[in-house]
Amino acid sequence: KAFESMGSVLREDGILVLTAIPTDRQWKEKSKFALTADSQECSRIFAMDYFEHTVRYNILDLMRSFGETELKIWSAELTVILRDDQERLLKAAGFRRVEFFGSYDLIPYSKATSAQMITIAYKKAHR
C-alpha cells in the first residue's frame, strides 16, 4: 500500500527513488556491527539484531564538539524487502519499469556484492 500511495502522488511521467537496507548481501551475511560514519564531528555505529522478516538497527551516535562527546542511542526496526520482492511490489503498485543500482553512481546492483541498493521506479514506461 505504501508503494501505491507513493505512486498516486507522482505525475504520470514521475519517478520514485528508494534506498533500502539491508541489501541481499547484508541479509545473507547478517553481520552484527557496522561503522557507517566516522569523522571528527560524528561517528555512527549500527548494531543489528536479525529476526524472521525484520532487522532492528540499534544506532549509536558519538557527537564531538569543543572537546565534549555526547552519546545518542536510538533504534529502528525495519521490514526486510529484498530486491526481488521490491520489484514485485512496485510493479503490483503500478510502476511500469524498475531498475536497481549498487550505488548512487548507478553501478549495477549485485545480490552477491552490493552494499547499497538504490531503486529507481518509473510510473510510466520509458521508450
When the accessible area of the chain is computed with all protein chains present and a 1.4 Å probe, what percentage of it is carbon and sulfur?
55
Report, in debye and to the nearest 20, how large the dipole of the chain comes out about its Cα centre when Lys and Arg carry +1 and Asp and Glu carry -1 on their Cβ.
560
Would you be so kind as to identify which of THR36, PHE51, LEU10 lies farthest towards the positive end of the dipole of region 10-79, taking Lys and Arg as +1 and Asp and Glu as -1 on Cβ and the Cα centre as origin?
PHE51
Only one of the values (1) 1.34; (2) 1.05; (3) 0.98 was calculated from this structure for Rg/Rh (Cα atoms, Kirkwood Rh); name its label.
(2)
Which residues does the label zone of ALA92 cover in region 7-31, counting backbone N under 17 Å from a point 7 Å along Cα→Cβ?
7-8
Lysine-lysine proximity count for the chain, Cα under 29 Å, sequence distance 8 or more or distinct chains:
19
Using DSSP to define loop residues, name the GluC sites (Glu not before Pro) in region 5-106 whose beta-carbon has at most 16 other beta-carbon atoms within 10 Å.
GLU12, GLU41, GLU52
Between helix 83-92 and the chain: long-axis angle, C-alpha atoms, 0 to 90°, nearest 10:
40
At 222 nm, what helix-only mean residue ellipticity would the chain give, in deg cm²/dmol to the nearest 500, using -39500 (n - 2.57) for each DSSP H run of four or more?
-5000 deg cm²/dmol
Quick check: net charge around ASP84, other residues with Cβ under 15 Å of its Cβ, Lys/Arg +1 and Asp/Glu -1?
+2
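Once R0 is set to 25 Å, what does the formula 1/(1 + (r/R0)^6) return for the Cβ-Cβ distance between ARG44 and LYS124, expressed as a FRET efficiency to the nearest 0.05? Don't skip to the end; give the middle numbers.
Values: r = 37 Å, r/R0 = 1.50.
Efficiency for this residue pair is about 0.10.
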Work out the length of the dipole vector of region 13-75 about its Cα centre, built from +1 on the beta-carbon of each Lys and Arg and -1 on the beta-carbon of each Asp and Glu, and round it to the nearest 20 debye.
220
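Where only protein heavy atoms count, and the probe is 1.4 Å, what is the accessible area per residue for the chain in Å²?
Values: 8490 Å² over 127 residues.
On a per-residue basis, the chain sits at 67 Å².
The values are calculated or read from the model by the stated rules, or taken from the named source; none is laboratory data. A quick note: this is a predicted structure, and the numbers were derived from the prediction, not measured. Glycine gets a Cβ as well: all are built from the backbone with ideal geometry, and neighbour counts include every protein chain shown. Each accessible area value is taken on the protein alone, full model and side chains, heavy atoms only, with ligands, DNA and RNA left out. Shrake-Rupley method; radii C 1.70, N 1.55, O 1.52, S 1.80 Å.
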